1. Between H303 and T4, what is the spin-label point distance in nm, taking each point 7 Å from the Cα along the Cα→C-beta axis?
2. Would you work out the relative contact order for the chain, in percent, from Cα pairs under 8 angstrom that are 6 or more residues apart?
3. Through the Karplus equation 6.51 cos²θ - 1.76 cosθ + 1.60, θ set to phi - 60°, convert the phi angles of the stretch 243-248 into ³J(HN,Hα) values in whole Hz; use x for Gly and Pro.
4. For a Förster distance of 56 Å, can you work out the FRET efficiency between the beta-carbons of D17 and N329, rounded to the nearest 0.05?
5. Less than 18 Å apart at the alpha-carbon level, and either on another chain or at least 8 residues along: which lysines does that give for K197?
6. In deg cm²/dmol and to the nearest 500, what is the mean residue ellipticity at 222 nm of the chain if only DSSP H runs of at least 4 residues count, each as -39500 (n - 2.57), divided by the residue total?
7. Under 1.5 on a/c is rounded, so check that first for the chain, then, if it is not, pick prolate when a/b is larger than b/c and oblate when it is not; a ≥ b ≥ c are the square roots of the alpha carbon gyration tensor eigenvalues.
8. How do the peptides 200-210, 228-238 rank, highest first, by the average count of neighbouring beta carbon atoms within 10 Å per residue?
Amino acid sequence: MTETRRRVFSGIQPSGDVHLGNYLGAIKNWVELTERYESIYCIVDLHAITIPYEPEELHDRVLDLAVALIASGLEADRCTLFVQSHVPEHAELAWLLNTVTPLGDLQRMTQFKEKSERIKAVSAGLLNYPVLQAADILLYRADLVPVGEDQRQHLELTREIARRWNARYGELFPEPDALIGPGRRVLGLDGVSKMSKSQNNVIPLLATPEELDAIVRTAVTDPARVARVDPGNPNVCNVFALHRVFSSPAEVEEIEIRCQTAGIGCVECKRLLAGNIADELAPVRERALELRERPDLVREVLHEGAERARVIARETLAEAYDRMGLRRNMAPTPAAPAAPAPAATPDPA
Ligand code: AMP
Ligand code: TRP
């Protein structure tokens, strides 16, 4: 097979416990994409510091997210997984791209507007967030970027930045295509809003079966079904929506009928769901437990991932610097292993 495979790149923020929304909406798809594409996935810690955060917690969050991603199937033999700040070329390219990005484009971004309404001290980092995202993608000259619907605008801006840079300095960056997932928007326990840490309505990916049982029990079902004897409407029930994902077709059909005829109560229905989620995610949880015991192993995966990513990143960045007329007067970087430097020779002018 000599045909070069197309390259996928995506990033995820280390913003707290990974939940079923992240898993069904993003991670599962990422794992599937590794079958068909050269896949590079990045834990974007530099993006995470654009809003107020605790430095001491960030380390753990990055490691926890890495555990969840690897346990979900993003093993080192299938993809390149690394942490953004371990590859300094991201921040460097972002700076270069900032110089071709119109201020007005950044001020127009929906996500910037939303976040800056919530935050008291809005930093320039928050405004420049999409430029760093463009750098993430363009550094690897990625063809495809799997993201949720909410990132479409950032992807469009990435394409625009690539076009502007190419027009000014010559073709270097391909315009990446967004790969908007199968559109699975997972609702939270409230059954109304998107499952999200900020909404406090999540089912954590790595919960134990007991925890799952307790958490799912709090899920809101058909609000019109008040008493056990009332028939329910599965079409307005998020517990049923999750059954569609985690239960067998036969079970889904049976639950649908029994709900509509008051043959099953919500408590039992939720217990069944919690059990099925636990069963499906058991291998992920087991692998995560192993990895949590071996943080050294996780760090090794991330280190190796960063090394691999840097090979590509360095090459793209060197080309970008050169085209922009930068670094040409620098002594060439010695190829590793470096020749021993002569003692105390003054720099050539
Ligand atoms: P976040 O941590 O919210 O930035 O989400 C990380 C990834 O998970 C993004 O690709 C989101 O599109 C996806 N995601 C987050 N929440 C949900 C949800 N409730 N339903 C579907 N996808 C989600
Ligand atoms: N902004 C993305 C999100 O919130 C995360 C992200 C950062 C990203 N860099 C990226 C996604 C590059 C795709 C490609 O979900």
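1. 3.0 nm
2. In percent, rounded to a whole number, it is 21.
3. For the stretch 243-248, the Karplus curve yields 4, 4, 8, 10, 10, 6 Hz.
4. 0.70
5. K115
6. -15500 deg cm²/dmol
7. Prolate, since a/c reaches 1.5 and a/b exceeds b/c.
8. Listed from highest to lowest mean packing, they are 200-210, 228-238.
Here, each number is a calculation from the coordinates, and none is a lab measurement. Model, not experiment: these values are computed from the prediction. We place every Cβ from the backbone using ideal geometry, glycine too, and count neighbours over all the protein chains shown.
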